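The values are calculated or read from the model by the stated rules, or taken from the named source; none is laboratory data. Model, not experiment: these values are computed from the prediction. With ideal geometry, Cβ positions are generated from the backbone for all residues, glycine too; neighbour counts draw on all protein chains shown. Keep in mind that these areas ignore ligands, DNA and RNA; they rest on the heavy atoms of the full protein, side chains included. Shrake-Rupley method; radii C 1.70, N 1.55, O 1.52, S 1.80 Å.
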Amino acid sequence: QVQLVESGGGLMQAGNSLRLSCAASGRTFGIYAMGWFRQAPGKEREFVAGIKWSDSSTNYANSVKGRFTITRDNTENTVHLQMASLKPEDTAVYYCAARTEYIYSIMEVTTASQYDYWGQGTQVTVSS
């Protein structure tokens, strides 16, 4: 059992930066990967970024490459999403997710169904 709590969402103007955090608790030793997904109104939940626990390798959606950075802290119980150069199209509820089944590569897990635990979501709104 893993519990995830997101924080850091808010209202920002286009071009600004925002940092989201996800605190993991429970059986965190079983985590193979963590990811960030987002869901805008009327749209499917989409992959944003992922990080593999064993080597910290990362993967990003094309829409956020070069702007967003996923990291984890030294204790490996918190993952962050640093969002820069925000655009109105980044507006969505952002969800932190954890996968507790084996992966070889972080590139393998880019859909919501491949993750096992989810946070409650945090709203990010980017105005023009």
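Some notes on this structure:
- Looking only at the range 78-106, residues that are closer than 15 Å to residue 33 by Cα, loosely packed, with under 14 Cβ neighbours inside 10 Å and of a type in the set (S, T, N, Q) come to 1 in all.
- Condition broken by residue 37, with the remaining ones in (1) over 21 Å from residue 1 (Cα atoms); (2) open to solvent by less than 70 Å² (accessible area, probe 1.4 Å); (3) not in a loop (DSSP other than H, G, I, E, B) satisfied: (1)
- Counted residues, the range 77-100 - those being within 16 Å of residue 56 (Cα to Cα) and not in a strand (DSSP E or B): 2
- Number of the condition not met by residue 57 [criteria: (1) among the hydroxyl-bearing types (Ser, Thr, Tyr); (2) in contact with a helix residue (DSSP H, G or I) (Cβ under 9 Å, 6 or more places away or on another chain); (3) surrounded by 14 or more Cβ atoms within 10 Å (Cβ to Cβ); (4) more than 18 Å from residue 8 (Cα to Cα)]: (3)
- If you filter the range 116-128 down to residues that are at pLDDT 95 or above and either more than 21 Å from residue 19 (Cβ to Cβ) or in contact with a helix residue (DSSP H, G or I) (Cβ under 6 Å, 6 or more places away or on another chain) (or both), you find that the one that is surrounded by the fewest Cβ atoms within 10 Å (Cβ to Cβ) is 116.
- Residue 37, sole failed condition from (1) touching an Asp or Glu at 6+ places or on another chain (Cβ under 7 Å); (2) within 23 Å of residue 128 (Cβ to Cβ): (2)
- Residues of the range 4-34 that are open to solvent by 40 Å² or more (accessible area, probe 1.4 Å) and of a type in the set (Gly, Ala, Ser): 7, 14, 15, 17, 23, 25, 26.
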